[in-house]
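Report on the following structure.
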Amino acid sequence: KPYSGLKGSYKRKPFNQERFDAAMRDLLERYVKLEQYDDASHALTTGDACKVNMAGYMATADGEKGEPLPNAASGDDVEVVLGEGRYMEGLVEGLEGGKVGETVTVKVRFPDALKNKDL
């Protein structure tokens, strides 16, 4: 049964261009269409996506390769989109300039706020 005779009012929050732009960037990244480069000599730059095989290791006190990390920090065919603030510190910077078939060693730092304090 429909209601009649009710009155109401609302206030619209002011338009926030910064939040709108952030939402649009998020949508663009979420629904991006990837195209494969035909040029195998193309060096990765910001905005590029790549698939990597990762094997993570803890660093020893002197900075050398130590014990393997849990599977959550490793994987094959992991898609990485190169962009600031998307991954742990050092990953994107270590992949930039890389080319198809190259093997690189990248040192990363896990965020201090990470739930697993063992990493």
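Might you check whether a residue that is open to solvent by less than 90 Å² (accessible area, probe 1.4 Å), aromatic (F, W, Y), modelled with pLDDT under 85 and not in a helix (DSSP H, G or I) occurs anywhere in segment 3-12? Spell out the reasoning first.
We begin by selecting, within segment 3-12, every residue open to solvent by less than 90 Å² (accessible area, probe 1.4 Å); these are 5, 8.
Filter once more, so that each one left must be aromatic (F, W, Y): none.
Checked against the condition, which is being open to solvent by less than 90 Å² (accessible area, probe 1.4 Å), aromatic (F, W, Y), modelled with pLDDT under 85 and not in a helix (DSSP H, G or I), segment 3-12 yields no hits at all.
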Would you mention how many residues in segment 46-62 are surrounded by 10 or more Cβ atoms within 10 Å (Cβ to Cβ) and either among the aromatic types (F, W, Y) or out of contact with any strand residue (DSSP E or B) (no Cβ under 8 Å at 6 or more places or on another chain) (or both)?
-> 2
Is it fair to say E96 is at pLDDT 75 or above, closer than 28 Å to Y31 by Cβ and open to solvent by 100 Å² or more (accessible area, probe 1.4 Å)?
-> no
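Can you find even one residue in segment 79-91 that is open to solvent by 100 Å² or more (accessible area, probe 1.4 Å), part of a loop (DSSP other than H, G, I, E, B) and either within 20 Å of D112 (Cα to Cα) or modelled with pLDDT of 90 or more (or both)?
Within segment 79-91, the first condition is being open to solvent by 100 Å² or more (accessible area, probe 1.4 Å), and the residues that meet it are 84, 89.
Narrowing further to those that are part of a loop (DSSP other than H, G, I, E, B): 84.
Add one more test, that the residue is either within 20 Å of D112 (Cα to Cα) or modelled with pLDDT of 90 or more (or both), and what stays is 84.
Within segment 79-91, one or more residues are open to solvent by 100 Å² or more (accessible area, probe 1.4 Å), part of a loop (DSSP other than H, G, I, E, B) and either within 20 Å of D112 (Cα to Cα) or modelled with pLDDT of 90 or more (or both).
Taking the stated definitions as given, is E18 open to solvent by 90 Å² or more (accessible area, probe 1.4 Å) and modelled with pLDDT of 90 or more? Write out each step before concluding.
Numbers: open to solvent by 90 Å² or more (accessible area, probe 1.4 Å): yes; modelled with pLDDT of 90 or more: yes.
So E18 fits the description; yes.
The values are calculated or read from the model by the stated rules, or taken from the named source; none is laboratory data. Only a predicted model underlies this, so the values are computations on that prediction, with no experimental measurement involved. When we count neighbours, we look across all protein chains shown, and the Cβ atoms used for this are built from the backbone with ideal geometry, even at glycine. We work out accessible area using only protein heavy atoms, side chains counted, and drop any ligands, DNA or RNA first. Shrake-Rupley method; radii C 1.70, N 1.55, O 1.52, S 1.80 Å.
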